[in-house]
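*Asks:* Questions regarding the structure given below will be posed in turn.
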Amino acid sequence: MNKTILHLDLDTFFVSVERKLDSRLQNKPILVGGLSDRGVVAACSYETRGYGIHSGMPMKMAKELCPGAIRIKGNAGTYSKHSDLVTAIIKEHVPLFEKSSIDEFYADLTGMDRFFGAYKYASELRQKIIKGTGLPISFGLSVNKVVSKVATGEAKPNSQLKIDQGLEKTFLAPLSIKKIPMVGDKTYQTLRNLGLRKVGTVQEMPMDVMQRVLGKNGTVIWKRANGIDHTPVIPFWERKSISNERTFDKDTIDVVKLKGLLIAMTENLAYQLRRGQKLTACITVKIRYSDFNTYSKQMRIPYTSADHILIPKILDIFKKLYNRRLLVRLIGIRFSHLVSGNYQINLFEDTEEALNLYQAMDHIRNKYGDRSIVRASAMGKNTIGRMHNPFNGEPPIVLAHRTQ
């Protein structure tokens, strides 16, 4: 049976939420992100894009390009709540769906043509979301996730597009190669240097040529350019917490050791959050003493996945919790009240340099393992997380940080 895959994307999600909360912002150029000149643009309205503004751009540059834009700090918690409203509507009406980010969804509507008509059903679902949340949303419908996602991009703003089976290559051919999911700025420039501008040109190339130029990614890009994608819709399941704890072989009263371990745990869990595109709003520290009495203390915080924000708060909880001169048997940390959210949305007050630093650190961890780069205060605490050491006995990269 041929698949029928729906891709839904909330249009300029952060901006749309702000406009819903304040109607005076309608049809005005909006920038959501850090308010200082060193901040980062988390989202921008369509009115600003004609000036060359895009998400991830330094706020100072965006302000220079569009001086009349209204800048808004934004609130990750508010955006998560609105995302949850959309999720609830989709969950009620679709048997199998995937929440790929805070504002994007996939749904498998295979077989619905026998009963309702997949396009008609998707259209009704979109109208229910618009009516139920007051937010604009677009969708693409096709035989797979890749073509549906591209179709959504072509349907925007606030519209819908169906690509009939067998017309995938015809639909993709006239589009820019940058429209292919997975083609970032560097890959785009590489392809442009080869004289490739349209998807149709990639379709005409032998697959092995793309593979020689871009390696394994070349094969994937060639398949996507030809409308080939067998990636399944992953059933939605919202993880509510993530934790890590350590039981000592020998009970300890070494406060320096305990704090170093807490830093290492927090650093590791924060990375796990970012890798899974999650944010936490509640942190907990647990201590079990040698007499087996266990104590814990939690703190509600603004949604984040940044360790430079989480580490000081974890240490502050530990300072308040650890008030006994007893040997410690176990120590642990838990992040709860998790929501889906891209890493960038918790950086409203962070600098472009901080964003680049986290991306570079996480890139090293993705390639070489969780413990390949650590803070100096977490050195030696290498029994946490995966213990892959890619450096053949060499020590990990050490990051010194002023907060420590």
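*Asks:* Can you tell which of Ala107, His93, Ile72 lies farthest toward the positive end of the dipole of the range 53-108, using +1 and -1 charges on the Cβ of basic and acidic side chains (Lys, Arg; Asp, Glu)?
*Replies:* Farthest towards the positive end: Ile72.
*Asks:* Ranking request for peptides 68-80, 11-23: highest mean number of other beta-carbon atoms within 10 Å first, then the rest in descending order.
*Replies:* Numbers: 68-80: 18.0, 11-23: 19.8.
Listed from highest to lowest mean packing, they are 11-23, 68-80.
*Asks:* Separate question: Hey, if you put +1 on the Cβ of every Lys and Arg and -1 on every Asp and Glu Cβ in the range 166-236, which of Phe171, Ile228, Val213 ends up farthest toward the positive end of that dipole?
*Replies:* Among Phe171, Ile228, Val213, the one farthest towards the positive end of the dipole of the range 166-236 is Val213.
*Asks:* Using the Cα centre of the range 98-145 as the reference point, and only Cβ charges (+1 on K/R, -1 on D/E), how large is the resulting charge dipole? Debye, rounded to the nearest 20.
*Replies:* Numbers: 7 positive and 6 negative charges, 35 e Å.
Here the size comes out at about 160 debye.
*Asks:* Among His82, His230, His7, which comes first, second and so on when ranked by fewest other beta-carbon atoms within 10 Å? Mind showing how you got there, number by number?
*Replies:* Working: His82 21, His230 9, His7 28.
Lowest to highest Cβ neighbour count: His230, His82, His7.
*Asks:* Continuing with the same structure: For Lys319 and Ile301 in the same chain, what is the full-extension length gain: residue separation times 0.36 nm, less their Cα-Cα distance, in nm? Each step should come with its number before you reach the end.
*Replies:* Values: separation 18, 0.36 × 18 = 6.48 nm, distance 1.71 nm.
Using 0.36 nm per residue and subtracting the Cα-Cα distance, I get 4.8 nm.
*Asks:* Sticking with this structure for a sec: Calculate the dipole size of the range 1-163 relative to its Cα centre from +1 charges on Lys and Arg beta carbons and -1 charges on Asp and Glu beta carbons; express the result in debye to the nearest 20.
*Replies:* Details: 23 positive and 16 negative charges, 39 e Å.
Using only the charged Cβ atoms, the result is roughly 180 debye.
*Asks:* Can you compute the label reach from Cys282? Point 7 Å from Cα along the Cβ direction, backbone N cut-off under 20 Å, restricted to the range 70-87.
*Replies:* 76-85
*Asks:* Give the order of Asp84, Asp291 when sorted by the count of other beta carbons within 10 angstrom, beginning with the fewest. Mind dumping the intermediate values first?
*Replies:* Details: Asp84 14, Asp291 11.
Neighbour counts put them in this order, fewest first: Asp291, Asp84.
*Asks:* Sort 275-281, 244-250 for me by packing, meaning the mean count of neighbouring Cβ atoms within 10 Å per residue, highest on top. Can you show the working numbers first?
*Replies:* Values: 275-281: 18.7, 244-250: 13.1.
Top to bottom by mean Cβ count within 10 Å: 275-281, 244-250.
*Asks:* For each of Ile242, Ile130, Ile102, count neighbouring Cβ atoms within 10 Å of the residue's Cβ, then give the residues from fewest to most. Can you show the working numbers first?
*Replies:* Details: Ile242 17, Ile130 14, Ile102 23.
With the sparsest Cβ surroundings first, the list reads Ile130, Ile242, Ile102.
*Asks:* Over its Cα atoms, what ratio of radius of gyration to 2.2 N^0.38 Å does the range 166-236 give? Walk me through the numbers before you get to the answer.
*Replies:* Values: Rg = 12.1 Å, N = 71, 2.2 N^0.38 = 11.1 Å.
Rounded to two decimals, the normalised Rg is 1.09.
Since every read-out is calculated from the coordinates, none of them should be taken as a lab result. Note that this is a predicted model, so its numbers are computed, not measured. Please note: Cβ atoms are built from the backbone with ideal geometry, for glycine as well, and neighbour counts cover all protein chains shown.
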